Amino acid sequence: MTTHIFDLVRLVVGRIRGAVAQVSILVSLIFSGVSGAALADIGALGKIQIDQMTGQGYRKNFAAGITIAAATIGPIFPPSIPMIIYASVTNVSAVQLLIAGIVPALIITFFLMAQVAVMARLYDLPRDTVSPSLRAVAKKAVISFPALLAPVLLIGGLLSGYFGPTEVAGVTVAYALAIGFGIYRTLTWRAVWESLRETVEATSGILFIVSTAAVFAWVLTLDQVPARAGAFLLGLSDNPFVLLLLVNILLLIVGMFLESIAAILIIAPIVAPALHAAGVDPLQLGIVFVLNLMIGLLTPPVGMSLYMVSIIARMPVHSVIRGVLPFFIPLILSLLVVSAVPAVSTWLPNLITQ
């Protein structure tokens, strides 16, 4: 599925300078409507993206950097594993929070593409060697159409209210199995078994963290830590934007050292009540919270995306870090926009619920 999507977007974008890098960003946006996790995006797309760019003459650390940065779109655009966990911890509507991530994800995509456009001029990035034609685009569009329907089905199910997060996940998996076996005929039962095994392993790890964090949250509540933390934060300032800036700084530091799901389960119950009391919209805070921790996946010493791309691309971590540094600019700009403008997160959920 990912290969068909990548080829289609590549044909549509054409031969602009830095086109394959732009394609990588757009494909990450499309695929984020299926995966829900940054590491899943890198696992599914990373090798394809890096091989395509290096094959066109891009520097390998640049290809690695844009691959990692584009993968942050996955956990912001619905579906999103971190969003669902954040919603469960803070008693926010999971469906509304997932929908709230659509506009911020588009903003991240825009800033990343703008960064690549600037770098294409500064560093004379290669043009794509593919010569698109209307016939080639139409043929690839027909082939890719079933794959492109997967995110449409998922987002449409959420927006229409027909499915909750759990139901829409099941429907999307069933659809992927159907086209994998019936249309593309590339899926095997062995691959399905491997996917099931990997899912059980990943889920068990997450649930272990959830269970231990639940005990930790109970202890915090017993000791009135959330109330004390709320009083402390409100004592510093009652301005919602100032409090959001403080939380941004805290989470950017935490994201450097703590796994994102563990950070959500431990920190969200402490800071969320205080910021809600100060007037920060729960949906905006959820987006800000998750985006901070996704940026943390790009930062050493515990940036999981860095190590995963290092393995996929077979390059040292310090070279991957050097490649990703320029892309902190669009990600931090996106974070500032989401923090400063509540409507970026709240407009679409409010529009749908009216």
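The values are calculated or read from the model by the stated rules, or taken from the named source; none is laboratory data. Computed from a prediction, not measured in an experiment: that's the story for all the values here. Don't worry about glycine lacking a Cβ; one is built from the backbone with ideal geometry, like all the others, and counts go over all protein chains shown. With ligands, DNA and RNA removed, areas are computed over all heavy atoms of the protein, side chains included. Shrake-Rupley method; radii C 1.70, N 1.55, O 1.52, S 1.80 Å.
Descriptive notes on the structure:
- Nonlocal amide H pairs with Ile16, under 5 Å, H built at 1.01 Å: Asp128
- Every pair of different Cα atoms in the stretch 303-354 enters the Kirkwood calculation, which places the hydrodynamic radius at 13.5 Å.
- Helix 134-160 vs. the chain, principal-axis angle (Cα, 0 to 90°, nearest 10): 20
- Shape category assigned to the stretch 207-354 from the gyration tensor of Cα positions, a/c cut at 1.5: oblate
- Across the chain, Cα pairs under 8 Å and at least six residues apart give a relative contact order of 26 percent.
- Overall form of the stretch 133-193 per C-alpha gyration tensor (a/c, 1.5; a/b vs b/c): oblate
- Of the residues Phe110, Phe241, Phe62, the one with the largest accessible area comes first in the ranking Phe110, Phe241, Phe62, computed with a 1.4 Å probe on protein heavy atoms.
- Relative contact order %, the stretch 28-171, counting alpha carbon pairs below 8 Å whose residues are six or more apart: 28
- The share of C-alpha pairs in the stretch 59-158 whose separation exceeds 20 Å stands at 59 percent.
- For Glu167, the accessible surface of its heavy atoms amounts to roughly 110 Å² (probe 1.4 Å, protein chains only, rounded to the nearest 10).
- Solvent-accessible surface (1.4 Å probe) assigned to Asp124 amounts to roughly 100 Å².
- Averaged over its residues, the chain has an accessible area of 46 Å² per residue, based on protein heavy atoms and a 1.4 Å probe.
- Inter-part distance where the stretch 94-136 and the stretch 300-354 are each reduced to a Cα centre, Å: 13
- Dipole of the chain computed with +1 at Lys/Arg Cβ and -1 at Asp/Glu Cβ about the Cα centre; of Phe181, Leu293, Val92, farthest Cα towards the positive end is Phe181.
- Net charge dipole size for the stretch 116-249 [Lys, Arg +1 and Asp, Glu -1 on Cβ; Debye, nearest 20]: 700
- For the stretch 1-112, the pair-distance distribution built from all alpha carbon pairs, in bins 5 Å wide starting at 0, is 2, 13, 23, 22, 18, 10, 6, 4, 2, 0 percent.
- Considering only alpha-carbon pairs that sit under 8 angstrom and 6 or more positions apart, the relative contact order computed for the stretch 132-220 is 16 percent.
- Surface accessible to a 1.4 Å probe, Arg322 within the full protein complex, Å²: 130
- Shape of the stretch 209-259, Cα gyration tensor, a/c cut at 1.5: oblate
- Counting protein heavy atoms only, the chain has 70 percent of its accessible area on carbon and sulfur, 1.4 angstrom probe.
- Mean ellipticity per residue at 222 nm, deg cm²/dmol - from DSSP H runs of n ≥ 4 across the chain, formula -39500 (n - 2.57): -26000 deg cm²/dmol
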